[in-house]
Amino acid sequence: MQKYTLNAALAALCLGLVLLAQFNVIDQYTQTVLMFMGINIIFASSLNIVNGYMGEFSCGHAGFMCVGAYASSVLSVVLFTSNKLVGDALLPPELAPMLFPVVLIVAGLVASVFGLLVALPSFRTRGDYLAIITIAANYIVISVIENLDIIGGPRGFHGMKRVINGMRDMVDIPWMFIWVILGTLFSVWILRRLVNSTYGKGISAVCQDEVAAEIMSVDTNHVKLVAFMVSSGLAGVAGALYAHVYGYVNPQAFNILKSTEGLVMVYLGGMASLSGSVMAAILFTLLLESLRFVIPGLDAALHAVNLLPAGYELSQVWKWVLIPLILILLMQFRPEGIMGNRELSGVFPKLRRFYTFK
Amino acid sequence: MPLLEMKGVTQRFGGLQAVSDFNISLEERKLIALIGPNGAGKTTVFNLISGFYQPTEGQIIFDGQPTAGLRPHQVTARGIARTFQNIRLWHEMSVLDNIRIAQHHRLGYTIWDAFLRTGRFTKSEGNIDAIAWEMLEAMDLKDAAHELPRNLPYGLQRRVEIARAMSIRPKLLLLDEPAAGLNSADVDGLIKLIRWIHDEFDIAIWMIEHQMKVVMSLCEWIKVIDFGSTIAEGTPEEIQSNPVVIKAYLGDDTI
Ligand SMILES: Nc1ncnc2c1ncn2[C@@H]1O[C@H](COP(=O)(O)OP(=O)(O)O)[C@@H](O)[C@H]1O
Ligand SMILES: [Mg+2]
């Protein structure tokens with residue numbers, strides 16, 4: 001029984017959060033922050049497959065998130081609400097709560113197909129060249145969407161709020177909050193299963209010595225393909241959740257800055273450590289949220305002591321000074337991140353007594 | 001039918017002819033050596049057999065089938081395993097995982113089985129674990145199972161690399177300078193190990209080796225190459241007294 005302690009605690013925590021949200025004990029703002037935590041966990045841990053486990057340097061992860069966000073948004077709006085694209089809803093809106101997981105999965109599959117944009121070049125190039133290709137993939141996705149007027153182009157795409165409100169009208173529970181929790185658990189769960197299987201350990205073999213991997217019977221091209229597609233597919237799921245939490249998507253929300261956030265989380269947590277990515281995503285989300293209050297506070301304080309000119313306001317743009325600064329400090333003082341390449345259970349072996357992973 | 005046949009194999013790198021018109025017919029269960037001075041093209045011959053390079057000319061036939069067009073992991077799956085001149089273990093994972101990963105050719109499950117932990121997955125992983133532990137046991141490496149290779153002494157790393165290759169259960173084992181960097185006690189251990197593997201697993205072994213002690217005490221046939229061309233072949237006794245070989249090794253001092 002003891003073996004299930006951690007699993008039970010996690011289930012209780014999630015259920016507790018849902019109940020607290022249902023009875024409005026935690027307000028909408030806190031719920032939103034928690035949802036972004038979940039989305040960031042998916043985003044960071046999926047990026048860790050490529051950047052940590054496989055040792056490639058992908059800087060365009062947000063591109064796949066963008067694909068998932070748009071694919072799911074268009075799909076759910078077309079399926080469950082009357083819209084400008086096809087007119088009436090294609091399916092009775094009552095199906096929305098049941099079919100929403102399908103929308104998430106389709107978004108993931110579409111994003112994983114876009115993963116081919118970097119998976120196929122990875123057969124022939126590595127390192128810096130592949131990094132440039134990932135940036136290019138990020139820009140390709142954004143530019144294509146900005147030029148697709150039918151889904152709003154640079155103005156973005158909305159209508160997802162109506163889908164979610166439709167669900168709430170039928171059964172009044174915090175739907176998105178539940179989907180994000182389930183999506184996060186699902187993502188971390190399949191990633192753990194992947195990296196703990198002999199199949200998935202082939203990814204680390206490719207990272208550590210690709211020639212040896214190929215000659216020791218690992219189909220390295222296949223392994224790369226799978227790693228990139230799983231990674232981009234889960235980024236797509238993160239994007240789909242993001243789009244439905246916000247109720248609105250805009251291509252520029254998924255530019256290289258968003259990809260950088262993913263990099264900061266992966267390196268903060270530690271390469272090839274899933275528990276590291278999870279912790280880093282939680283910390284990073286809290287940090288970003290705190291900046292919303294810290295920056296105006298700092299602004300007021302600096303004006304009070306006349307360190308800033310009267311006309312100048314310290315805006316949220318300064319977040320883009322602080323995030324790269326974190327990355328620089330991290331690389332300088334703890335390049336291996338919080339966890340190195342270890343898992344929590346490696347640091348605290350006693351934890352193993354409290355969970356079993358099937 | 002020979003296990004491995006190479007017919008007129010030539011490998012050019014740009015202007016350099018690393019291997020020229022290489023021929024061999026290796027029977028099952030033989031233990032032979034390929035020797036020659038540094039840069040003679042020995043490793044290149046192994047790289048050609050592994051499918052790492054496709055020969056510029058000529059044909060390689062393993063177990064009755066040409067290997068042309070196969071990727072290295074496919075050649076390995078057919079039954080050729082090897083070690084490397086410079087040890088190439090995966091140093092950031094345990095010795096046990098090093099051996100497990102070399103079982104990719106017999107996985108027999110897909111990524112979906114891994115996600116869902118199907119019966120097929122559990123069975124295959126169980127089988128892989130059994131093979132890995134059996135090999136660690138046989139090679140006297142059980143105590144090192146959970147160590148990282150880079151924390152092991154050099155001689156033990158060599159042994160792990162051979163264990164990893166053998167865990168593939170090959171019909172032909174290629175050893176690229178297995179005694180390089182070993183002290184004399186380790187070399188004696190290596191000779192015993194190779195002889196034991198040859199008897200126990202009943203496979204063909206082909207080694208590249210500079211240390212004559214290893215070659216002379218193990219191999220029944222030796223092939224000598226220099227500048228990519230075969231300059232001699234025969235039994236250890238014949239090779240030892242062959243003037244062409246001695247000249248190739250000691251250098252031509254008529255200049
Ligand atoms: N991939 C390659 N590209 C160009 N030249 C190579 C390559 N591999 C080996 N060579 C050259 O081929 C020759 C034979 O090398 P090698 O087979 O490693 O020799 P040996 O193992 O007998 O010491 C050397 O001159 C080496 O520089
Ligand atoms: Mg060599």
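The values are calculated or read from the model by the stated rules, or taken from the named source; none is laboratory data. Computed from a predicted model, the values in this text were never measured in an experiment. A quick note on method: Cβ atoms are made from the backbone with ideal geometry, for glycine too, and the neighbour counts reach across all protein chains shown. Just the protein is used for accessible areas: all its heavy atoms, side chains included, with ligands, DNA and RNA removed. Shrake-Rupley method; radii C 1.70, N 1.55, O 1.52, S 1.80 Å.
Normalized C-alpha radius of gyration of the stretch B:85-131, against 2.2 N^0.38 Å?
So the Cα radius of gyration is 1.31 times the expected 2.2 N^0.38 Å.
Can you pick out the pairs among B:Lys42/B:Lys213; A:Lys84/A:Lys258; B:Lys42/B:Lys142; B:Lys30/B:Lys223 whose Cα atoms lie more than 22 Å from each other?
Where the Cα-Cα span goes over 22 Å, the pairs concerned are A:Lys84/A:Lys258; B:Lys42/B:Lys142.
Roughly how much accessible area, to the nearest 100 Å², goes out of reach of solvent when B and A pair up, both sides summed, probe 1.4 Å?
2900
To the nearest 20 debye, what is the magnitude of the charge dipole of the protein assembly as shown about its Cα centre, counting +1 on the Cβ of each Lys and Arg and -1 on the Cβ of each Asp and Glu?
So the dipole magnitude of the protein assembly as shown works out to roughly 1420 debye.
What are the semi-axes of the equivalent ellipsoid of the stretch B:8-47, taken as the square roots of 5 times the eigenvalues of the Cα gyration tensor, listed largest first and rounded to whole Å?
Gyration-tensor ellipsoid for the stretch B:8-47: 21, 12, 7 Å.
Using the 2.2 N^0.38 Å rule of thumb for compact globular proteins, work out how the stretch B:14-157 stacks up: its C-alpha Rg over that value, please.
1.26
How big is the Kirkwood radius of the stretch A:203-292, worked out from every pair of different alpha carbons and given in Å to one decimal?
So the Kirkwood estimate lands at 15.3 Å.
Once phi is turned into θ = phi - 60°, what whole-Hz ³J(HN,Hα) does the Karplus curve with 6.51, -1.76 and 1.60 give for every residue of the stretch A:153-167, x standing for Gly and Pro?
x, x, 6, x, 9, 9, x, 5, 4, 5, 4, 5, 4, x, 5
Could you check how much of the accessible area of the stretch A:26-154 is carbon and sulfur, as a whole percent, using a 1.4 Å probe?
72
Using the Cα centre as the reference, give the magnitude of the dipole from point charges on the C-beta atoms of chain A (Lys, Arg: +1; Asp, Glu: -1; all else neutral), rounded to the nearest 20 debye.
Dipole size: approximately 780 debye.
Using the heavy atoms of the protein chains and a 1.4 angstrom probe, tell me the accessible area per residue for the protein assembly as shown in square angstrom.
Per residue, the protein assembly as shown has 44 Å² of solvent-accessible surface.
Rounded to the nearest 0.05, what FRET efficiency is calculated for B:Glu220 and A:Thr125 with R0 set to 45 Å and r the Cβ-Cβ distance?
0.50
Once phi is turned into θ = phi - 60°, what whole-Hz ³J(HN,Hα) does the Karplus curve with 6.51, -1.76 and 1.60 give for every residue of the stretch B:120-126, x standing for Gly and Pro?
4, 5, 4, 5, 5, 5, x
Per residue and in cubic angstrom, what volume does the convex hull of the Cα atoms of the stretch A:80-161 have?
For the stretch A:80-161, the hull spanned by Cα atoms encloses 117 Å³ per residue.
Karplus couplings for the stretch B:31-42 from phi (6.51 cos²θ - 1.76 cosθ + 1.60, θ = phi - 60°), rounded to Hz, Gly and Pro as x?
Computed from phi, the couplings for the stretch B:31-42 are 10, 10, 10, 10, 10, x, x, 4, x, 6, x, 5 Hz.
Could you give the Stokes-Einstein D for the stretch A:262-306 in µm² per second, using the C-alpha Kirkwood radius, 10 °C, 1.306 mPa s?
Answer, rounded: 134 µm²/s.
Return the Cα extents of the stretch A:97-218 along principal axes one, two and three, sorted largest first, each rounded to a whole Å.
Reported extents, whole Å, longest axis first: 58, 36, 17.
Ignoring ligands, DNA and RNA, what percent of the accessible area of chain B is carbon or sulfur (1.4 Å)?
The C+S portion of the solvent-accessible surface of chain B is 51 percent.
With just the Cα atoms of chain B, tell me how far they stretch along each of the three principal axes, in Å, largest first.
Reported extents, whole Å, longest axis first: 69, 42, 33.
Please list, in chain and number order, the residues 5+ apart from B:Val19 or on another chain whose amide H is under 5 Å from its amide H, with Hs placed from the backbone.
Hits under the 5 Å cutoff: B:Gln11.
If you put +1 on each Lys and Arg Cβ and -1 on each Asp and Glu Cβ, how big is the dipole of the stretch A:166-320 around its Cα centre, in Debye rounded to 20?
The calculated dipole for the stretch A:166-320 is roughly 160 debye.
Along its principal axes, what span do the Cα atoms of the stretch A:71-115 show, with the longest given first and each in whole Å?
For the stretch A:71-115, the Cα spread along each principal axis is 32, 23, 10 Å.
Pick from A:Leu120, A:Leu130, A:Leu308: which is most flexible by mean-square fluctuation in a GNM of chain A where alpha carbon atoms under 10 Å apart are linked?
A:Leu308
When chain A is treated as a GNM, springs tying every alpha-carbon pair under 10 Å, which of A:Val226, A:Val305, A:Val206 comes out with the largest mean-square fluctuation?
A:Val305
When chain A is treated as a GNM, springs tying every alpha-carbon pair under 10 Å, which of A:Leu225, A:Leu194, A:Leu314 comes out with the largest mean-square fluctuation?
A:Leu314
How large, in Å, is the stretch B:82-173 by the Kirkwood hydrodynamic radius built from its alpha-carbon pairs?
13.7
Using alpha-carbon pairs under 8 Å, 6+ residues apart, how would you state the relative contact order of the stretch B:173-249 in percent?
25
For the stretch A:1-96, what is the Kirkwood hydrodynamic radius in Å, using each pair of distinct C-alpha atoms?
About 17.0 Å, per the Kirkwood formula over Cα pairs.
Between A:Arg192 and B:Thr10, what FRET efficiency comes out of the Förster formula 1/(1 + (r/R0)^6) with R0 = 45 Å and r the beta carbon distance, rounded to 0.05?
Once the sixth-power term is evaluated, E becomes 0.35.
Using square roots of five times the C-alpha gyration tensor eigenvalues, list the equivalent-ellipsoid semi-axes of the protein assembly as shown in whole Å, biggest first.
Over the Cα atoms of the protein assembly as shown, the ellipsoid semi-axes are 56, 25, 24 Å.
So who's got an amide H within less than 5 Å of the one on B:Ala145, skipping anything under 5 residues away but keeping other chains? H placed 1.01 Å off N, in plane.
Those qualifying (amide H under 5 Å, at least 5 residues apart or on another chain) number zero.
Determine by what factor the alpha-carbon radius of gyration of chain A differs from 2.2 N^0.38 Å, reporting the quotient.
1.02
Towards the positive end of the charge dipole of the protein assembly as shown, with charges on Cβ (+1 Lys, Arg; -1 Asp, Glu), say which of A:Phe254, A:Val305, A:Leu194 has the farthest Cα.
Of the options given, the answer is A:Val305.
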